[in-house]
There are 2 protein chains.
Amino acid sequence: MVEKRKPIPVEDAVNKVMDLAKKGKKEMVPIEEAHGRYLAEDLIADHDVPSFDRSPYDGFAIRAEDTKNASSDHPVTFEVVGEIGAGSLFEDKVKPFQAVRIMTGAQLPKDCDAVVMLELVKEHGEKDNPLIDIKRTFQKGDNISFQGEDTKKGTVLAEKGSYINPGVSALLATFGYKEVPVAAKPVVGVIATGSELLEVEEELVPGKIRNSNAYMVLAQIEKAGGQAEYFGKFEDDFEACLQVTKEALSKVDMLITTGGVSVGDYDYVPEIFKALGAEVLFNKIAMRPGSVTTVAHTDGKFIYGLSGNPSACYVGFELFVRPVLHTAFYRRAPHLRKTKAALGADFPKPNPFTRFIRAKIEYEENKLLVFPSGLDKSGVVTSLAAADALIVLPGGTRGYEQGMIVDVLLLEDFQGSEWPWTNIVQSYR
Amino acid sequence: MVEKRKPIPVEDAVNKVMDLAKKGKKEMVPIEEAHGRYLAEDLIADHDVPSFDRSPYDGFAIRAEDTKNASSDHPVTFEVVGEIGAGSLFEDKVKPFQAVRIMTGAQLPKDCDAVVMLELVKEHGEKDNPLIDIKRTFQKGDNISFQGEDTKKGTVLAEKGSYINPGVSALLATFGYKEVPVAAKPVVGVIATGSELLEVEEELVPGKIRNSNAYMVLAQIEKAGGQAEYFGKFEDDFEACLQVTKEALSKVDMLITTGGVSVGDYDYVPEIFKALGAEVLFNKIAMRPGSVTTVAHTDGKFIYGLSGNPSACYVGFELFVRPVLHTAFYRRAPHLRKTKAALGADFPKPNPFTRFIRAKIEYEENKLLVFPSGLDKSGVVTSLAAADALIVLPGGTRGYEQGMIVDVLLLEDFQGSEWPWTNIVQSYR
């Protein structure tokens, strides 16, 4: 019999999920493998950067006061008493009118307080008595990178939950993280359901389609930073399905089923939730596509019943699975990043429910334009390939014209939103 | 002795590199591992999608003409003669005033031409003689997803060189790609140079710094889609360095050295290029940071001498290494994506040379704002961690004020630019 389901608003659904989302575990990985992960601890500078006064150029370290009478008419001659390669030290005394050849990055001799760039001096003298002429005055501190100028010891350089990009990798190396504390990747299992599904390697036969959602979701899990595990396709037998689900649950941190959560009769997923004693957080959402997205929770684990519809499945993942993963990664902004864009094309359909439209961002000068990518039928898989954003049109609106400002959720972004669900744009120019 | 170097414009430098960049090799990977790679062939639909007329809803398949007299006052009764689960077929004849229960995604019986949604019918009758009442008219084609409606056979769904995102993974599965032809990952070797460098696990000592560039570049290689291999740090001995370089070159497709290409004396890299007989494409560029970036080429392989300066090294990679990798991936737009943004803060420094400033994109309504991320000293590593864009200020400009429109290159983007170097914004509001 067809079960009556009560749709809840999108933000309520996300809220119910986030109430149960938990921070993840920490693990150590070698720095070479840390890129693309999330920091499990604040990255704090344990020393000043630079950790000593150093030269930003190749040149000569001098005492600035010795140049006070220098001019192009009256160059001052310095005796070059040594040289300092990067990584070396010059520990002798530097006396008045002496200079030390210094390389980029090398530590300044303690008696010197300025650096003269190589291009600004005239070298002369003998090989065993090199001299330079300086034709202008220098001030104390000229051309020095001072200790702590970049970063003071104790500064939080990247917060717990930060995405480890190449810049963060450089910081980790600077501060000696041979091993990096990162958030462990939750293992997310995927089971496909639907007797219409063929495996990817099977030939097409009438009435059937190949299973594309499972591979899409596996990619979404990886993109979101999780570890995906595919458990194949449900059999057409309830007991077998229940067994597979139990086994999968024992091996994963979260489980996703795709397909089989329509209002149709041939759907084991609700029964499985019941047999597992899972708490169903919701099974209908006031949104399109993805209205039949179901989320349940049992023994501290989420079980998702995502729609069999490719777009509905995609949206369901991004709205309800991704923020749970990003909470496990200690992200402060676990949701898709929200911004605004001008609609690049009319969207005349009325929206009784909140609508998510697969879309592509373009730039016009410094403005964001957004175009629906392909057809907006929820079965359409091709429009997902080109999408880098979802347009959000709130329920109760009557359609939109080109040029109107709408909310968009960015799909290719590493920053996120803390909570994108307030102040959804209704309709204005 | 200090070698004289002639700086060339950035676009000329990029051009010289791209003239030698080659398309890569193809390899097959299982679909589960294709996410994040680049297609080595066009993805062409080898069948219509849907491949048959199907129902987008749970409901009843009927002959539309039978409803022509239906109204709320005069419902028309249909006999339910069967049901079709998704993946199943109904091959019997459907006669006038007969209906077939149909599930979402199932193929329409050949005699039917419309679907009535479940919610719109009244079910009655006996278990062995189920009946439904329909209270309105339906037109031929109502509520049918037609064969080929999403995609016609023969359509190019994703071009060679496309980034394989979750949507593309779904397409690959739909069209039976158990194995996916992707561009092979070029192996990119990294060698650190500079006697000031400590390894990441070593304690800091006066005058020395930890090697951060190598780890940054390893992460940049991965981010750009290559396979990174670290060969450690050069010894302070020319013959040893040459040996390491030769050995590394024999194992990689491209080689990057970081550090050691300043105008200083203690630099083996130019000598190594000479000893290898490598063609030096350029060794000085009219840009900041990164003016001493050197690119050489030998035996079909690039060897990069990136600056020891973290920001210069970062920029050198993104400008000169990334597009070579993306050419190997068959990308049509191998360069960083360029767009425009309003400066969020004054940038008063004059720019005798083209300047690249590490920056962060923010959104204000539907407009892009860009803020320099941290100090703009080229030794500053912390500003890279927060950067998701590079501001490009052309040479010969006198500084910029908040609100002026500038060019930005996006660092977190999967689209790219075909050629970002024309029409660089000079200075306007």
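The values are calculated or read from the model by the stated rules, or taken from the named source; none is laboratory data. All values reported here derive from a predicted model rather than from experimental measurement. Backbone-built Cβ (ideal geometry, glycine too); neighbour counts: all protein chains shown.
What pairs come out if I take residues in segment A:16-43 that are within 14 Å of chain B (Cβ to nearest Cβ) and pair them with residues that are of a type in the set (Phe, Trp, Tyr) and assigned to a strand (DSSP E or B) whose C-beta lies under 7 Å away, six or more apart or interchain?
Cβ pairs passing all conditions: A:GLU32/B:TYR230; A:TYR38/A:TYR163.
One line per residue, one yes/no per condition, for (1) away from every other protein chain (no Cβ under 14 Å); (2) polar (S, T, N, Q); (3) within 25 Å of A:THR174 (Cα to Cα):
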position	(1), (2), (3)
B:PRO310	no, no, yes
B:PHE317	no, no, yes
B:HIS335	yes, no, no
B:LYS349	yes, no, no
B:GLU364	no, no, no
B:LEU368	no, no, no
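Would you mind finding the one in A:SER145, A:SER169, A:SER195, A:SER162 that is farther than 30 Å from A:ASP111 by Cα and in contact with a strand residue (DSSP E or B) (Cβ under 8 Å, 6 or more places away or on another chain)? Spell out the reasoning first.
Details: A:SER145 fails: farther than 30 Å from A:ASP111 by Cα; A:SER169 fails: in contact with a strand residue (DSSP E or B) (Cβ under 8 Å, 6 or more places away or on another chain); A:SER195 fails: in contact with a strand residue (DSSP E or B) (Cβ under 8 Å, 6 or more places away or on another chain).
Checking each option against the conditions leaves just A:SER162.
Counting just the residues of segment B:189-229 that are without any contact (Cβ under 8 Å) to a residue 12 or more places away in the chain and either of a type in the set (A, V, I, L, M) or surrounded by 24 or more Cβ atoms within 10 Å (Cβ to Cβ) (or both), which one comes out nearest to B:HIS35 (Cα to Cα)?
To start, the set of residues in segment B:189-229 that are without any contact (Cβ under 8 Å) to a residue 12 or more places away in the chain comprises B:201-207, B:219, B:222-223.
Those left that are additionally either of a type in the set (A, V, I, L, M) or surrounded by 24 or more Cβ atoms within 10 Å (Cβ to Cβ) (or both): B:204-205, B:219.
Details: B:LEU204: 40, B:VAL205: 43, B:ALA219: 18 Å.
Across segment B:189-229, the extreme among qualifying residues is B:ALA219.
Sort out which residues of segment B:119-149 are part of a loop (DSSP other than H, G, I, E, B), polar (S, T, N, Q) and within 14 Å of chain A (Cβ to nearest Cβ), and write them in order of number.
Passing the criteria: B:ASN143, B:GLN147.
Please enumerate the residues belonging to segment B:178-219 that are more than 7 Å from chain A (Cβ to nearest Cβ), assigned to a loop (DSSP other than H, G, I, E, B) and at pLDDT 95 or above.
Within segment B:178-219, B:ALA184, B:LYS185, B:PRO186 qualify.
Any residue at all in segment A:246-268 that is in a loop (DSSP other than H, G, I, E, B), more than 13 Å from every other protein chain (Cβ to nearest Cβ) and among the acidic types (Asp, Glu)? Step through it out loud before you land on a result.
So the first thing to find is which residues in segment A:246-268 are in a loop (DSSP other than H, G, I, E, B), and the list is A:252-253, A:259-268.
Applying the additional criterion that residues be more than 13 Å from every other protein chain (Cβ to nearest Cβ) yields A:252-253.
Still in the running and among the acidic types (Asp, Glu): A:253.
The answer is yes; a qualifying residue exists.
Please state which one of A:GLY232, A:GLY300, A:GLY308, A:GLY277 is touching a residue at least 60 places away in the same chain (Cβ under 8 Å), on the phi > 0 side of the Ramachandran plot and not assigned by TED's automatic domain parsing to the domain that holds A:ARG37. Full working, then the answer.
Values: A:GLY232 fails: touching a residue at least 60 places away in the same chain (Cβ under 8 Å); A:GLY308 fails: on the phi > 0 side of the Ramachandran plot; A:GLY277 fails: touching a residue at least 60 places away in the same chain (Cβ under 8 Å).
One residue alone meets the criteria, A:GLY300.
Report, by residue number, each residue of segment A:220-239 that is at the interface with chain B (Cβ under 10 Å from one of its Cβ atoms) and under 27 Å from B:GLN107 (Cβ atoms).
A:TYR230, A:ASP236 - these are the residues of segment A:220-239 that are at the interface with chain B (Cβ under 10 Å from one of its Cβ atoms) and under 27 Å from B:GLN107 (Cβ atoms).
Does segment A:305-326 include one or more residues that are of a type in the set (Gly, Ala, Ser), touching a Pro at 6+ places or on another chain (Cβ under 9 Å) and not in a helix (DSSP H, G or I)?
Among the residues of segment A:305-326, at least one is of a type in the set (Gly, Ala, Ser), touching a Pro at 6+ places or on another chain (Cβ under 9 Å) and not in a helix (DSSP H, G or I), which makes the answer yes.
Does A:GLY105 satisfy the criteria of being of a type outside the set (Ser, Thr, Tyr), within 25 Å of B:GLY259 (Cβ to Cβ) and modelled with pLDDT under 95?
Considered against the rule, which asks whether it is of a type outside the set (Ser, Thr, Tyr), within 25 Å of B:GLY259 (Cβ to Cβ) and modelled with pLDDT under 95, A:GLY105 comes out as yes.
Just wondering, is there one or more residues in segment A:230-238 that are part of a helix (DSSP H, G or I) and surrounded by fewer than 20 Cβ atoms within 10 Å (Cβ to Cβ)?
Taking segment A:230-238 first, the residues part of a helix (DSSP H, G or I) are A:238.
Then drop every residue that is not surrounded by fewer than 20 Cβ atoms within 10 Å (Cβ to Cβ), which leaves A:238.
Scanning segment A:230-238 turns up at least one residue that is part of a helix (DSSP H, G or I) and surrounded by fewer than 20 Cβ atoms within 10 Å (Cβ to Cβ).
Is it the case that segment A:285-303 has a residue that's within 13 Å of another protein chain (Cβ to nearest Cβ), over 26 Å from the mean Cα position of the chain (by Cα) and of a type in the set (S, T, N, Q)?
Scanning segment A:285-303 turns up at least one residue that is within 13 Å of another protein chain (Cβ to nearest Cβ), over 26 Å from the mean Cα position of the chain (by Cα) and of a type in the set (S, T, N, Q).
Quick check on segment B:77-97. Is at least one of its residues surrounded by fewer than 21 Cβ atoms within 10 Å (Cβ to Cβ), in contact (Cβ under 8 Å) with a residue 40 or more places away in the chain and farther than 29 Å from A:ASP236 by Cα?
Yes - at least one qualifying residue is present in segment B:77-97.
Kindly evaluate B:VAL49 against the criterion of being surrounded by 19 or more Cβ atoms within 10 Å (Cβ to Cβ) and either within 14 Å of chain A (Cβ to nearest Cβ) or closer than 22 Å to B:GLU126 by Cα (or both). Give the steps one after another, and end with the answer.
Details: surrounded by 19 or more Cβ atoms within 10 Å (Cβ to Cβ): yes; either within 14 Å of chain A (Cβ to nearest Cβ) or closer than 22 Å to B:GLU126 by Cα (or both): yes.
Yes: the conditions hold for B:VAL49.
Restrict the check to segment B:327-337 and report whether at least one residue is in a strand (DSSP E or B), β-branched (Val, Ile, Thr) and under 27 Å from the mean Cα position of the chain (by Cα). Reasoning before the result, please.
Residues of segment B:327-337 in a strand (DSSP E or B): B:335, B:337.
Among the residues that remain, those that are also β-branched (Val, Ile, Thr) are: none.
Within segment B:327-337, not a single residue is in a strand (DSSP E or B), β-branched (Val, Ile, Thr) and under 27 Å from the mean Cα position of the chain (by Cα).
How many residues are surrounded by fewer than 18 Cβ atoms within 10 Å (Cβ to Cβ) and either among the polar types (S, T, N, Q) or over 25 Å from A:TYR330 (Cβ atoms) (or both) when one looks only at segment A:406-416?
Qualifying residue count for the region: 1.
Keeping to segment A:61-118, report how many residues are within 14 Å of another protein chain (Cβ to nearest Cβ), assigned to a strand (DSSP E or B) and more than 22 Å from B:LEU198 (Cα to Cα).
Qualifying residue count for the region: 7.
For segment A:338-381, enumerate the residues that are surrounded by fewer than 23 Cβ atoms within 10 Å (Cβ to Cβ), part of a strand (DSSP E or B), polar (S, T, N, Q) and modelled with pLDDT of 90 or more.
A:THR354
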